[in-house]
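Just so you know, all these numbers are worked out from the coordinates, no wet-lab data involved. On a predicted model such as this, the values are computed, not experimentally measured, just so you know. When we count neighbours, we look across all protein chains shown, and the Cβ atoms used for this are built from the backbone with ideal geometry, even at glycine.
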Amino acid sequence: MCEPSHFRIAYEINPWMRITNTVQEAEAAAQWQALHRTLVGLGVDVELVEPAAHVPDMVFTANAGVVAGKRFVPANFRFVERAPEAPLFSRWFADRGYEVLPIEGPRHWEGEGDVLVSNGSVFAASGTRTEPGALDRLDALLGLETVRLELVDPRFYHLDTCFLPLSAECAAYYPPAFSDASRARLEEAFDDLIEVPAEDALRFVCNALLVGRTVVMNTGAEWTARALEERGYECVATPTSEFIKAGGSVKCLVLTLDTFRDPPGVEPRRGDV
Ligand code: ARG
């Protein structure tokens, strides 16, 4: 995670961002601290990367890249505004002994924002930020066979804004964010695919973080929270309204370092590294 010391709306690169929509600094700091506390309370070992003044979106560490064991594949940001984050994240990983493996060529992709791992299956999306060619490179680099999805709604511009894989059987998603073919692919991939209502999707409910059986999510998405609780998940809601001004919530604020680790008792499946 990255503290929001420099977080603000300095440019507009998604439909949520309005420069005139000022971030309340103290509130953003309190929300971030509450999320941090919640994760630590759930037993998550949280590491911090130092924020930098010229990159206000660096708080959204999910976009840094993808971690596979001791390898780090850095993102290649679509917008020049975020491009200067890449060397900062790469330095953090290199300093800690990770092998930094950039994907070759000028192909945009935005890390875990568009690549989500669940029980050994890897879902990867293009269409708004990430380019399919980058995912081909990622597959080759890490020996993956990612399940490809296409995003079609500019408000849900990263996969983690509209898709929440929970187990091999169950996932939540917002169908209108996906192309018809991608919807069909997800319906095929999951026995229990929860269609979240627009109201909850717009509250970034899919942008949640699964910690064991606990789903850490933004506040106010009651319908989805109940649907998850009926399936045996515990939902913990924590406010992220200041970060939604920039188009991000819980999941965007976290990059997972043990991305490819399967939960205990689950056999690794195709695509595991
Ligand atoms: N303002 C940031 C952007 O548009 C928000 C990133 C949200 N991150 C995410 N993983 N969905 O790039």
Quiz item: For the stretch 1-111, what class follows from the C-alpha gyration tensor (a ≥ b ≥ c being the square roots of its eigenvalues): rounded when a/c is under 1.5, otherwise prolate if a/b is larger than b/c, else oblate?
Solution: oblate
Quiz prompt | Sites matching GluC sites (Glu not before Pro) across the stretch 70-131 that sit in DSSP coil, with at most 14 neighbouring C-beta atoms within 10 Å | solution = 104
Quiz item: Rounded if a/c is under 1.5, else prolate if a/b beats b/c, else oblate: with a ≥ b ≥ c from the C-alpha gyration tensor eigenvalues square-rooted, which is the stretch 86-130?
Solution: oblate
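Counting pairs of Cα atoms in the chain, how many percent are more than 33 Å apart?
Numbers: 4489 of 37128 pairs.
Summing the P(r) of the chain above 33 Å gives 12 percent of all pairs.
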Quiz item: Rounded to the nearest 500 deg cm²/dmol, what is the calculated helix-only ellipticity per residue at 222 nm for the chain, with -39500 (n - 2.57) per DSSP H run of length n ≥ 4?
Solution: -7000 deg cm²/dmol
Quiz item: Around residue 172, which amide H atoms from residues at least 5 apart in sequence, or from another chain, sit under 5 Å from its own amide H, with H modelled in the peptide plane?
Solution: 164, 166, 194
Quiz item: Label-point separation (nm) for residue 152 and residue 104, each offset 7 Å from Cα along Cα-to-Cβ?
Solution: 3.5
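Show me the GluC sites (Glu not before Pro) within the stretch 137-202 that DSSP assigns to loop and that have at most 14 other Cβ atoms within 10 Å of their Cβ. Intermediate values should be presented prior to the final figure.
Details: sites: 145, 150, 169, 187, 188, 195, 199; in loops: 145, 169.
For GluC sites (Glu not before Pro) across the stretch 137-202 that sit outside H, G, I, E and B with at most 14 neighbouring Cβ atoms in 10 Å, the list reads 145, 169.
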Quiz item: What is the antiparallel percent of DSSP beta bridges lying wholly in the chain, to the nearest 5?
Solution: 55
Exercise. Would you mind estimating how fast the stretch 129-273 diffuses translationally, via Stokes-Einstein at 20 °C and 1.002 mPa s with the Kirkwood radius over Cα pairs, in µm²/s?
Key: 134
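By DSSP, what percent of the beta bridges with both residues in the stretch 96-211 are antiparallel, rounded to the nearest 5? Don't skip to the end; give the middle numbers.
Working: 8 of 16 bridges.
The answer is about 50 percent antiparallel.
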Practice problem: Subtracting the Cα-Cα distance from 0.36 nm times the residue separation, let me have the gained length for residue 95 to residue 179 in nm, one decimal. | Solution: 26.2 nm
Quiz item: For the stretch 12-59, what Kirkwood radius comes out of the mean inverse Cα-Cα distance, in Å?
Solution: 12.9
Quiz item: So how far apart, in nm, are the two label points at residue 47 and residue 169 if each is 7 Å from Cα heading toward Cβ?
Solution: 3.5
